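Asks: Attaching a single structure in structure tokens format; questions to follow.
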Amino acid sequence: MATGTTRNKVALAPGHSLMDWIRLGNSGSDLTGVGGKMLSISKSELAKHNKRTDAWLAIRGTVYNVTQYMDFHPGGVDELVRGIGTDATKLFSEIHAWVNYESILQKCVVGRLVNEELFKLPDILKAATDVSENDLNMDWFQQLGFLCFVFYTKTPYPEVSITLKQPNEFRFVLNGKARCITLHKNVNWPCVVKIVADIGKVQVKLIKKVLGLWPTFGTISTTRNIQIDYWKCELLDSFNVTHNTKFLLFKYEQNLYNHIYPGRHIYIKANVNGHVVSRPYTPVWPLVETTEYGKISEDTLCLLVKSYPNGKLSRHLCSLSQGDSIEVSRPQGSFECWTSKTNLILLAAGTGITPMLPIIWNALHSSIKNYNITLLFFNKKETCIIWKKYLDQKSAAYLSRLTVHYILSEEENSKGDTKGHIDENVIIKYFPSLHNDLKSEYAVCICGPSGFNKLCEKLVIQQGYKKDDYFVFG
């Protein structure tokens with residue numbers, strides 16, 4: 001914590017940088033001090049942990065053990081001590097509202113702050129201190145215009161699906177378990193969802209139809225999870241990106257939100273000339289916040305689709321008109337971004353850029369660390385480059401953190417990058433020259449046609465990267 005309205009940094013001792021803190025968190029050390037259990041902490045219990053050697057504090061309903069974080073705090077030990085033993089939400093919000101504290105302190109979570117006045121939890125959610133895996137760990141809070149539910153799944157990259165069946169009937173599925181909340185009053189759609197994937201924290205914000213404070217959020221019950229393989233989506237609009245690639249903006253026909261993590265994909269299914277055709281696609285969103293594509297909300301789905309001459313589904317998708325429908329599956333895939341790396345090297349060919357776009361956006365907007373990203377984007381001609389304008393804008397905005405090289409096989413490009421295909425010379429030219437002790441800081445993502453993927457993987461292995469250091473999108 002810092003004094004005043006700006007953040008005052010102090011000189012940290014050697015070995016106490018943000019990266020050192022991340023390494024400590026990944027070392028297996030118990031930073032919680034309670035064996036990793038999720039406890040319910042009263043304010044009187046919190047107040048007991050108010051010493052430099054036993055320091056707990058609460059922020060927005062979550063209690064953290066910051067004892068070992070003291071010497072890593074950029075604002076110094078004394079400033080952090082101001083909040084220990086208390087609910088430090090107000091102090092934190094005045095000084096550090098922009099900091100992603102959930103990620104920085106994710107390995108320090110002791111549990112939930114039991115505060116009946118703020119959360120008004122039903123008895124079934126506040127009785128136990130040692131919560132079993134089958135129970136729902138949940139908090140809620142409200143203001144005049146909205147209410148928020150916070151779910152603690154304790155599972156990295158949780159499966160999240162949310163539906164508003166009726167204006168007062170809120171249903172959600174977390175890791176396959178379905179529940180229904182009958183709300184005290186009606187709310188609007190869409191919702192706003194924030195997920196801290198590493199610790200499995202899910203926050204859902206619902207906008208009230210009528211301003212006012214509710215005495216309770218309503219009632220909660222377990223319901224049967226009806227497994228739905230596909231949902232209908234309606235095309236809202238489409239835009240040309242290149243001569244053969246379109247940006248398609250869909251909206252779920254029902255009040256539905258499915259969380260799709262960066263690098264994950266869905267299956268698109270459509271009836272093409274009497275035959276059902278299904279293919280995987282990776283949803284994307286623009287790299288800049290304001291685009292000609294209009295407002296993109298939680299219940300929309302963004303696709304980049306290249307029309308191939310012999311591609312039944314791709315040609316069908318690119319021919320759709322406003323109001324036409326497709327079917328989409330639940331999110332699938334196994335990609336999880338590396339939390340222990342600081343440098344990402346992305347190798348993409350053509351529409352292989354699609355999984356890289358959300359990865360780039362997520363890495364550049366991470367509050368836990370400053371990722372450095374190198375993108376090698378392979379195309380035939382400059383006119384074939386998907387979203388070159390946005391990549392250039394983002395690269396200019398993050399000059400020291402995002403470097404983009406366009407490598408063309410049929411012509412020189414305006415930046416003077418290498419002409420040709422992926423080969424050992426390209427890898428040697430654009431990959432950082434690493435000593436063995438630095439390779440652990442780098443990770444590689446590969447996506448393109450199968451031949452491109454195989455060759456890239458071979459070249460990456462020749463550079464000394466291990467299986468855990470790279471990911472090939474199929």
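Asks: At R0 = 25 Å, how high is the FRET efficiency between Val276 and Phe335 if r is their beta carbon distance? Nearest 0.05 is fine.
Replies: Numbers: r = 27 Å, r/R0 = 1.09.
Plugging the Cβ-Cβ distance into 1/(1 + (r/R0)^6) gives 0.40.
Asks: How many angstrom separate the Cα center of segment 12-27 from the Cα center of segment 53-78?
Replies: Answer, in whole Å: 15.
Asks: Determine the alpha carbon to alpha carbon distance for each of Lys209/Lys232; Lys306/Lys429; Lys341/Lys467; Lys251/Lys388 and list only those over 20 Å. Don't skip to the end; give the middle numbers.
Replies: Working: Lys209/Lys232 26 Å; Lys306/Lys429 30 Å; Lys341/Lys467 14 Å; Lys251/Lys388 26 Å.
Over 20 Å apart, Cα to Cα: Lys209/Lys232; Lys306/Lys429; Lys251/Lys388.
Asks: Now for a separate question. Using the alpha-carbon atoms, what tilt in degrees (0 to 90, nearest 10) does helix 450-462 show relative to the longest principal axis of the chain?
Replies: So the inclination is approximately 60 degrees.
Asks: Related question: Exceeding 19 Å between C-alpha atoms, which entries from my cross-link table qualify? They are Lys43/Lys194; Lys185/Lys208; Lys43/Lys90; Lys246/Lys381. Could the numbers behind the result be given before it?
Replies: On the way: Lys43/Lys194 26 Å; Lys185/Lys208 8 Å; Lys43/Lys90 15 Å; Lys246/Lys381 17 Å.
Check vs 19 Å cut-off fails for Lys43/Lys194.
Asks: Using θ = phi - 60° and the Karplus form 6.51 cos²θ - 1.76 cosθ + 1.60, what ³J(HN,Hα) does each residue of segment 273-284 get, whole Hz, x for Gly and Pro?
Replies: 6, x, 10, 7, 10, 9, 9, x, 9, 9, x, 9
Asks: Here's a follow-up. If you stretched the chain out fully between Lys48 and Lys177, how much longer would it get, using 0.36 nm times the residue separation minus the C-alpha to C-alpha distance? Working shown, then result.
Replies: Numbers: separation 129, 0.36 × 129 = 46.44 nm, distance 3.63 nm.
That pair, Lys48 and Lys177, stretches by 42.8 nm at full extension.
Asks: Enumerate the amide H contacts of Val241 below 5 Å, restricted to partners 5 or more residues apart or on another chain; note that Pro and chain-start residues carry no placed amide H.
Replies: HN-HN under 5 Å from Val241: Lys246, Phe247.
Asks: Next question. Using θ = phi - 60° and the Karplus relation 6.51 cos²θ - 1.76 cosθ + 1.60, list the HN-Hα couplings for segment 237-243 in order, rounded to whole Hz, with x at every Gly or Pro.
Replies: So the Karplus estimates, Gly and Pro as x, are 6, 9, 9, 6, 9, 10, 5 Hz.
Asks: Shifting gears a bit: Multiply the residue gap between Thr383 and Thr223 by 0.36 nm, knock off their C-alpha separation, and tell me the result in nm, one decimal place.
Replies: Working: separation 160, 0.36 × 160 = 57.60 nm, distance 5.15 nm.
Length gained, Thr383 through Thr223: 52.5 nm.
Asks: Now, a different point. Quick one: what do you get for segment 149-191 if you divide its Cα Rg by 2.2 N^0.38 Å? If you can, show how the numbers build up before the last one.
Replies: Values: Rg = 11.1 Å, N = 43, 2.2 N^0.38 = 9.2 Å.
Ratio of Cα Rg to 2.2 N^0.38 Å: 1.21.
Asks: ³J(HN,Hα) across segment 335-346 via Karplus (A = 6.51, B = -1.76, C = 1.60, θ = phi - 60°), whole Hz, x for Gly/Pro?
Replies: So the Karplus estimates, Gly and Pro as x, are 5, 9, 5, 6, 8, 9, 9, 10, 10, 10, 10, 10 Hz.
Asks: Please report how far the C-alpha centroid of segment 188-215 lies from that of segment 313-387, rounded to the nearest whole angstrom.
Replies: If we compute the Cα centre of each part, the gap is 27 Å.
Asks: Leaving ligands and nucleic acids out of the surface, order Met70, Met38 by accessible area at 1.4 Å, largest first. Spell out each step's value before the answer.
Replies: Values: Met70 0, Met38 30 Å².
Output order, biggest surface exposure first: Met38, Met70.
Asks: Measure of size requested: the Rg and Dmax of segment 137-274, with Cα atoms as the atom set and Å as the unit; please supply both.
Replies: Values for segment 137-274 (Cα only, Rg and Dmax): 17.1, 56 Å.
Asks: Using the Cα centre of the chain as origin and beta-carbon charges of +1 (Lys, Arg) and -1 (Asp, Glu), tell me which of Pro74, Ser221, Leu31 is placed farthest towards the positive end of the dipole.
Replies: Ser221
Asks: Taking every DSSP beta bridge that has both residues in the chain, what percent is antiparallel when rounded to the nearest 5? Spell out each step's value before the answer.
Replies: On the way: 77 of 105 bridges.
So the antiparallel bridges in the chain amount to around 75 percent.
Asks: Follow-up question, since we're still on this one. Note the full-extension length gain between Asp324 and Glu234 as 0.36 nm times their separation in residues minus their Cα-Cα distance, in nm to one decimal.
Replies: Values: separation 90, 0.36 × 90 = 32.40 nm, distance 0.56 nm.
Result: 31.8 nm gained on full extension.
Asks: How high is the FRET efficiency from Ser409 to Arg315, r the C-beta distance, R0 30 Å, rounded to 0.05?
Replies: On the way: r = 24 Å, r/R0 = 0.80.
So, using R0 = 30 Å, E works out to roughly 0.80.
Asks: Going highest first, how would you order 152-164, 329-341 by mean Cβ packing within 10 Å? Intermediate results must be reported in sequence, preceding the final value.
Replies: On the way: 152-164: 19.2, 329-341: 15.9.
With the highest mean Cβ count within 10 Å placed first, the list reads 152-164, 329-341.
Asks: Additional query: Please work out which option in (1) 217, 62, 42; (2) 88, 54, 53; (3) 70, 56, 38 gives Cα extents along the principal axes in Å calculated from these coordinates, and answer with its label.
Replies: So the structure-derived entry is (3).
The values are calculated or read from the model by the stated rules, or taken from the named source; none is laboratory data. Quick caveat: nothing in here was measured; it's all calculated off a predicted structure. Positions of Cβ are generated from backbone atoms using ideal geometry, with glycine treated the same way; all protein chains shown enter the neighbour counts. To get the accessible areas, we keep the full protein, side chains included, count just its heavy atoms, and leave off ligands, DNA and RNA. Shrake-Rupley method; radii C 1.70, N 1.55, O 1.52, S 1.80 Å.
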